[in-house]
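To keep things clear, I will list the structure first and then write my remarks on it.
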Amino acid sequence: MREMTTTARPPTTRGATILHADLDAFYASVEQRDNPHLRGRPVIVGGGVVLACSYEAKRVGVRSAMNGGQARMLCPDAIVVEPRMDAYSEASDAAFERFRDFTPFVKPISVDEAFLDVGGAEHLFGPAKETAAQLRTRVLVDVGLPLSVGVARTKFLAKVASAQAKPDGLLYVEPGRELDFLHPLPVEVLWGVGPVTAEKLHDHGVDTVGALAASERADLQGFLGPHSGRHLRDLANNLDPRPIDTHRRDRSMGAQRALGNQIRTREELRRELLALAEKVVARLRKAERVARTVTVRYRTQEMRHESRS
Ligand SMILES: [Mg+2]
């Protein structure tokens, strides 16, 4: 088993340039953006199951994936709205376009979440912490949505940091101070700690990441299993087994544009394609890169995806 022999490694000595950008209460924020009456009020998206809820609803215990009836009991004055997937998809595209204005190294995790490596962009936007602040402003001003960002030397820490920064916040984990940040947090912040593992840990008196880091490996492996025990203890000590810049392997630069619903002539599409190509090439020139493969992806009205390379 290859994974058993993987050696965990400490973060490199380079600076904290990994951003985890996460739109806050995404669907609910789009609804509040588009309807001023919803601002400052508890909003639940989806009637049957809660797809998303605003922070006003979260405050009284409403959560995503919760049953709608239970959510309304917790929050009787909540305004329940039907999801508008087209609006969310458009907002997501607009936010990701802003992300790509700052760096070509954008790794999408979901419609409202991505990792960005801004290590190569410091001459353009300043240190990563400032880039993160600029990114938040751009998304708020141009797209109208609150974005929380975590900045750290590893993806894992950047993600933990963005969650701690919410709502509408920025958290920078200073290189060398990672354990000071991580150890006071509850074990639930670690990847791989779900409700079952969390309960086992609490049963053994392990409530914080610091307590987990200080636990005997053999003890942890005894009640968590050999793999999970070692993996979580490594994470708690900030030993991240994954290479830091995996996403550099598929280096690519791109540009995209939504064309709306009206039918376009071949000539119009050629012009769009040319404009996109110009945009990509300008970025390549700016970054002093060459490229090999050109890929065109498109999505039809029926949401069918196609691509040609
Ligand atoms: Mg989010």
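The values are calculated or read from the model by the stated rules, or taken from the named source; none is laboratory data. All values reported here derive from a predicted model rather than from experimental measurement. Reconstructed Cβ throughout: ideal geometry from the backbone, glycine too, with neighbour counts over all protein chains shown.
For Arg283, the test of being of a type in the set (Lys, Arg), under 26 Å from the mean Cα position of the chain (by Cα) and either surrounded by 11 or more Cβ atoms within 10 Å (Cβ to Cβ) or not assigned by TED's automatic domain parsing to the domain that holds Ser92 (or both) is passed. When the residues of region 1-37 are filtered to those that are among the β-branched types (Val, Ile, Thr) and surrounded by 15 or more Cβ atoms within 10 Å (Cβ to Cβ), which remaining residue is modelled with the highest pLDDT? Residue satisfying both the conditions and the ranking: Val30. I'm checking my understanding of the structure. Among residues of region 113-163 that are touching a Pro at 6+ places or on another chain (Cβ under 7 Å) and more than 16 Å from the ligand (Cβ to nearest atom), which one is nearest to Arg177 (Cα to Cα)? Selected residue: Arg153. Looking at this structure, is Phe105 aromatic (Phe, Trp, Tyr) and within 16 Å of the ligand (Cβ to nearest atom)? When the stated conditions are applied, Phe105 does not pass them. Applying the criterion of being under 12 Å from the mean Cα position of the chain (by Cα) and of a type outside the set (A, V, I, L, M) to the residues of region 154-165, the residue that is farthest from Ala133 (Cα to Cα) is Phe156.
When the residues of region 187-232 are narrowed to those that are without any contact (Cβ under 8 Å) to a residue 12 or more places away in the chain and outside any helix (DSSP H, G or I), which ends up nearest to Val160 (Cα to Cα)? This residue is Gly194. Taking the conditions (1) within 16 Å of the ligand (Cβ to nearest atom); (2) free of Cβ contacts under 8 Å to residues at least 12 places away in the same chain; (3) not basic (Lys, Arg) in turn, Phe99 satisfies each one other than (2). Right, Leu201: at pLDDT 95 or above and more than 19 Å from His20 (Cβ to Cβ) or not? Answer is yes for this residue.
Do we find a residue being modelled with pLDDT under 85, among the polar types (S, T, N, Q) and more than 23 Å from Asp93 (Cα to Cα) anywhere in region 251-267? The answer is no; no qualifying residue exists.
For region 74-99, a residue qualifies if it is buried (at least 18 other Cβ atoms within 10 Å of the Cβ) and polar (S, T, N, Q), and exactly one does: Ser92. When you look at Tyr55, is it touching a residue at least 60 places away in the same chain (Cβ under 8 Å) and more than 17 Å from Val111 (Cα to Cα), yes or no? Yes; evaluated as a whole, the condition is true for this residue. Given the condition away from the ligand (no atom under 14 Å from the Cβ), outside any helix (DSSP H, G or I) and among the hydrophobic types (A, V, I, L, M, F, W, C), answer yes or no: does some residue in region 20-35 qualify? Taking every residue of region 20-35 in turn, none turns out to be away from the ligand (no atom under 14 Å from the Cβ), outside any helix (DSSP H, G or I) and among the hydrophobic types (A, V, I, L, M, F, W, C).
Mind telling me which of the residues Leu147, Leu157, Leu170, Leu182 ends up being crowded, with 23+ Cβ neighbours inside 10 Å and farther than 24 Å from Leu224 by Cβ? It would help to see each step written out before you state the result.
Working: Leu157 fails: farther than 24 Å from Leu224 by Cβ; Leu170 fails: crowded, with 23+ Cβ neighbours inside 10 Å; Leu182 fails: farther than 24 Å from Leu224 by Cβ.
That would be Leu147, the only listed residue that is crowded, with 23+ Cβ neighbours inside 10 Å and farther than 24 Å from Leu224 by Cβ.
Glu174 falls short on exactly one of the conditions (1) in a helix (DSSP H, G or I); (2) within 17 Å of Thr17 (Cβ to Cβ); (3) of a type outside the set (A, V, I, L, M, F, W, C), and that condition is (1). Scanning region 166-189 for residues that are under 15 Å from the mean Cα position of the chain (by Cα) and hydrophobic (A, V, I, L, M, F, W, C) yields Leu170, Leu171, Val189. For Ala71, the test of being within 16 Å of the ligand (Cβ to nearest atom), hydrophobic (A, V, I, L, M, F, W, C), modelled with pLDDT of 95 or more and crowded, with 21+ Cβ neighbours inside 10 Å is failed.
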